[in-house]
Amino acid sequence: MDVNDRGDDTNSDDTGAGTGRSAMWGGRFAAGPAAIMERINASIDFDKRLFRQDIAGSKAHCQMLMATGIVSKDDGEAILAGLDQILQEIVDGRFVFKTALEDIHMNVEARLREIIGPAAGRLHTARSRNDQVATDFKLWTRDAIDGLDRDMAALQAALIDQAEAHADAVMPGFTHLQAAQPVTFGHHLLAYVEMLGRDRGRLRDARARLNECPLGAAALAGTGFPIDRHSTAAALGFDRPAANSLDAVSDRDFAVELMAAASLCAVHLSRLAEELVVWTSAQFGFVRLSDGFSTGSSIMPQKRNPDAAELIRAKTGRVVGHLNGLLMVMKGLPLAYSKDMQEDKEPVFETVDTLTLCLAAMTGMIADLRVDRARLAAAAGAGFSTATDIADWLVRELGLPFRDAHHVTGAIVKRAEERGVGLEDLSLADLQAVEPRITADLRLDPAGSAAARTSFGGTAPVRVREACADARRRFLDPAP
């Protein structure tokens, strides 16, 4: 037997407990592993997080073994009762996890033997640790996706609430971090609602693809026992059993997909965090974070630092790095299972933990955000941000081709620059010196500019309020 294979002990009823041979690897090995081998081989320190999924999978497997007559009713009921006891022990903090038993699967099985005796060994009939861990990990990932989806929805709700409250708060819109055109603060926040909507969609897609049950694929080739894989799949909430036993035990696409979706969500959070860092600076002063999400300085008493936003921005690198790490683990693995795949869980666990924390922190910051509407409005016209309105007016009122209107507007902007004033400060005579047909009907008001953008998806307050209601329907209302 290859010690790198987690599951060739598929049908053994004897774990070797209390003997001189390896408790995990069976009769071929006369002695246990060296201390260093035990340390590098063990995964219990992190995969004990799978205990609920591991016990749920074992119960479904046991019930199937009973239904097919592979395990007797008495043994099966003893196994089920023992598993329930183990679950309660772990929940209560009374369970002792042992590194020598490698992983969550063998820790549970060894404890089950202590509780019910040799009948515990029958639980592993017609399965391997290879399909067992794949099943556990898929169940955990599915639960994690559901949790992240709820967290993303909560952030969307906070953003929509603020967008509604500030649907008509005019601010500068930027390209290249240069003032471009006036927009509304509500419109700006709704952009992140859409990003999060796509993030949730990617997670739903990943969830749908992962929802095939590996259990029953055994080590790699299936089993000769008359098992019912459809019943175990249904009992665990899967849509169907995985179709190919080799793929079932070696697939980690679901973990990579979760991490890819998480990485993109983290990038979106980082972009919003960067804007909060900029907006809260004294130079901008657009928004103010609550005391709960600000920190001070050990030497400068005036400081209010947006540390939560900065940390979200930094933690994105951690999330993306874990994705790259798992891709490198998987890139050269032949079928089917290899021990390399034990390195899949820690990065996934930490990715989910990190993203969960970042979503919670961002939700708190957005919910508590205070917006300085006057500061926003004062900045909205800076950088000649209403220049496009001049060009649009020339096209609409004078019938100029847009490229000609663009040229005329550029000359007007140059005139304002030379005089050191904003476009709104130019007199009618100044405007007519460039284009004589301009009339007093031309208004260069940032609020009016934003209000005029009434196209679908535009920044006009009327559209923002409609978009808030639509976003609530699309993203927050329960599905029918």
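Per the Cauchy relation, a quarter of the hull surface: what is the mean projected area of the convex hull of the alpha carbons in segment 35-122, in nm²?
Over every viewing direction, the Cα hull of segment 35-122 projects on average to 5.7 nm².
Percent relative contact order of segment 333-456, based on C-alpha pairs within less than 8 angstrom and at least six residues apart?
Reported as a whole number, the value is 23 percent.
Jot down the per residue volume, in cubic angstrom and as a whole number, of the convex hull over the alpha-carbon atoms of segment 346-480.
203 Å³
Mind giving me the nanometre distance, one decimal, between the label points for residue 429 and residue 177, set 7 Å out from Cα along Cα→Cβ?
Here the answer is 4.1 nm between the modelled labels.
How big is the shadow of the Cα convex hull of segment 184-236, averaged over all directions, in nm²? Could the numbers behind the result be given before it?
Values: hull surface 20.8 nm².
Mean projected area of the Cα convex hull: 5.2 nm².
Report the full-extension gain for the segment residue 239 to residue 77: residue separation times 0.36 nm, less the Cα-Cα distance, to one decimal in nm. Don't skip to the answer; put the middle values down first.
On the way: separation 162, 0.36 × 162 = 58.32 nm, distance 2.64 nm.
Here the answer is 55.7 nm.
So, by mean Cβ neighbours within 10 angstrom, what's the order for 416-427, 211-222 with the highest one leading?
Highest-to-lowest ranking by the protection proxy: 211-222, 416-427.
Just tell me, in residue order, which DSSP H segments of the chain are both 20 angstrom or longer along the helix axis (alpha-carbon based) and at least -1.0 in mean Kyte-Doolittle hydropathy.
Working: long enough: 51-67 (24 Å, -0.03); 73-92 (28 Å, 0.00); 129-165 (54 Å, -0.39); 185-210 (38 Å, -0.50); 253-279 (39 Å, 1.10); 307-330 (35 Å, 0.54); 345-368 (35 Å, 0.67); 402-419 (26 Å, -0.79).
Within the chain the helices that satisfy the rule are 51-67, 73-92, 129-165, 185-210, 253-279, 307-330, 345-368, 402-419.
Show me 196-205, 458-467 ranked by packing, highest mean number of other Cβ atoms within 10 Å first.
My ranking of the peptides, most packed first, is 458-467, 196-205.
For segment 383-444, what is the Kirkwood estimate of the hydrodynamic radius, computed as the reciprocal of the mean inverse distance between distinct Cα atoms, to one decimal in Å?
Mean inverse Cα-Cα distance, inverted, gives 11.3 Å.
Need one number: convex hull volume per residue for the chain, Cα atoms only, in Å³.
200 Å³
In nm, to one decimal, how far is the modelled label at residue 246 from the one at residue 445, with both set 7 Å along Cα→Cβ?
Using points 7 Å along Cα→Cβ, the separation is 7.2 nm.
Skipping prolines and chain starts, which residues have an amide H placed within reach, meaning under 5 Å, of the one on residue 180, given they are 5 or more residues away or on another chain?
Hits under the 5 Å cutoff: 173, 174, 175.
Okay, helix-only estimate at 222 nm for the chain: each DSSP H run of n ≥ 4 adds -39500 (n - 2.57), divide by all residues, round to 500 deg cm²/dmol; what do you get?
Result for the chain, helices only: -19000 deg cm²/dmol.
I'd like to compare 128-137, 262-271, 33-42: which one has the highest average count of other Cβ atoms within 10 Å, and what's the full order after that?
Numbers: 128-137: 27.6, 262-271: 21.7, 33-42: 12.8.
In decreasing order of mean packing, 128-137, 262-271, 33-42 become 128-137, 262-271, 33-42.
Percent of accessible area on segment 35-122 owned by carbon and sulfur, 1.4 Å probe? Spell out each step's value before the answer.
Numbers: 2070 of 4000 Å².
Summing carbon and sulfur atoms, their accessible area is 52 percent of the total for segment 35-122.
Pairs of alpha-carbon atoms within less than 8 angstrom and 6+ residues apart define the contacts here; what relative contact order does segment 266-366 have, in percent?
This gives 31 percent for segment 266-366.
By the gyration tensor of its Cα atoms, with a ≥ b ≥ c the square roots of the eigenvalues, what is the shape of segment 58-204: rounded for a/c under 1.5, prolate for a/b over b/c, or oblate?
Since a/c reaches 1.5 and a/b is larger than b/c, the shape of segment 58-204 is classed as prolate.
Given a cut-off of under 8 Å on Cα pairs at least six residues apart, what relative contact order in percent is computed for the chain?
17 percent
The values are calculated or read from the model by the stated rules, or taken from the named source; none is laboratory data. As the structure is a prediction and not an experimental result, all values here were calculated from the model. Reconstructed Cβ throughout: ideal geometry from the backbone, glycine too, with neighbour counts over all protein chains shown. Each accessible area value is taken on the protein alone, full model and side chains, heavy atoms only, with ligands, DNA and RNA left out. Shrake-Rupley method; radii C 1.70, N 1.55, O 1.52, S 1.80 Å.
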